[in-house]
Amino acid sequence: MRALILVDLQNDFLPGGALAVPDGRRVIPVANALLPRFDVVVATQDWHPPDHLSFAAQHPGRAPGDLIELDGLTQNLWPVHCVQGTRGAEFAPSLCQDGWARVFPKGTDRRVDSYSGFFDNGHRGSTGLGDWLRARGVDEVFVMGLATDYCVKFTALDAVDLGLKTWLVADGCRGVELAEGDVERAIAAMRAVGVGIVNSVDVP
Ligand code: VGL
Ligand code: ZN
């Protein structure tokens, strides 16, 4: 059984949003076209409390892009984004939500960031997505969304770790690209652990 995992297709990651991913809007039609071809569709939702410690605003004198240590991990600081209950945290209005089986919120613990849709960055807490997929007999996942070099990447890497056959839908992703080459390096890191790279038209 295969599943489509839609990663963080939220207003704040689209142009005009707090953490806009360049060209991010281009992935919405890809998601809408793929959705009806999957029996199981799930979405992750970056869902932070207003005082989340990944926000630069929580650290006087720091700015987005600075690196700090948080909960024993290196943490990139971000602008305030995807705050629970705000418009920025909502899914893109043009995104079709028909047939979604479930939404998995992540990043809800203020002390630790959660790029992956499966686990927080310290791999201490789980969103339940892995168990949920296993309970439904899912053994193959197609991952797409925002952003290639953060949440998409870590979701795909964890999927591989969990023993799922994992595909990246390349045209369904865009990256933040804080440093030039981040997207290319993210794709290389995914490929290196066995993630297959496909375009949406080639999804069987
Ligand atoms: C993301 C940075 C911070 C993402 C989420 O969805 O890729 N990136 N929070
Ligand atoms: Zn976030």
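The values are calculated or read from the model by the stated rules, or taken from the named source; none is laboratory data. What you are looking at is a predicted structure, and each value in this text was computed from that prediction instead of being measured. No Cβ is skipped: glycine too gets one built from the backbone with ideal geometry, and neighbour counts run over all protein chains shown. The accessibility values were calculated without ligands, DNA or RNA, using every heavy atom of the protein model including side chains. Shrake-Rupley method; radii C 1.70, N 1.55, O 1.52, S 1.80 Å.
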Fully extended, how many nm does the chain gain between Asp171 and Asp23 (0.36 nm per residue separation, minus their Cα-Cα distance)? 52.2 nm
Taking the square root of 5λ for each eigenvalue of the C-alpha gyration tensor of the stretch 39-88, the equivalent ellipsoid has semi-axes, largest first and in whole angstrom, of 24, 14, 9
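Across all directions of projection, what mean area in square nanometres is found for the Cα convex hull of the stretch 34-121?
Working: hull surface 25.9 nm².
Over all viewing directions, the stretch 34-121 projects a mean Cα-hull area of 6.5 nm².
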For the chain, state the semi-axes of the equivalent ellipsoid (square roots of 5 times the eigenvalues of the alpha-carbon gyration tensor), sorted largest first and rounded to whole angstrom. 25, 18, 17
Counting every C-alpha pair in the stretch 1-81, the percent lying more than 20 Å apart is 46 percent
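So what is the relative contact order of the chain, in percent, for Cα pairs below 8 Å that sit 6 or more residues apart? Display every interim value, and only then the final one.
On the way: 452 pairs, mean separation 49.2, N = 204.
Relative contact order comes out at 24 percent.
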Mind checking the full-extension length gain between Ala189 and Leu73? Use 0.36 nm per residue of separation minus the Cα-Cα distance, one decimal, nm. 39.8 nm
Kirkwood Rh over alpha-carbon pairs of the stretch 79-146 plugged into Stokes-Einstein at 4 °C, 1.567 mPa s gives a D in µm²/s of 93 µm²/s
Rounded to a whole %, the carbon-and-sulfur portion of the accessible area of the chain at a 1.4 Å probe is 51 percent
What FRET efficiency, computed as 1/(1 + (r/R0)^6) with R0 = 22 Å and r the Cβ-Cβ distance, is obtained for Asp39 and Trp132, rounded to the nearest 0.05? 0.95
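How much net charge surrounds Leu162 when only other residues with a Cβ under 11 Å from its Cβ are counted (Lys, Arg +1; Asp, Glu -1)? Numbers along the way, then the final one.
Values: positive: Arg134, Lys165; negative: Asp131, Asp139, Asp158, Asp161.
Here the count lands on -2.
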Work out how much length Leu178 to Val201 would gain on full extension: take 0.36 nm times their residue separation and subtract the Cα-Cα distance, in nm to one decimal. 5.4 nm
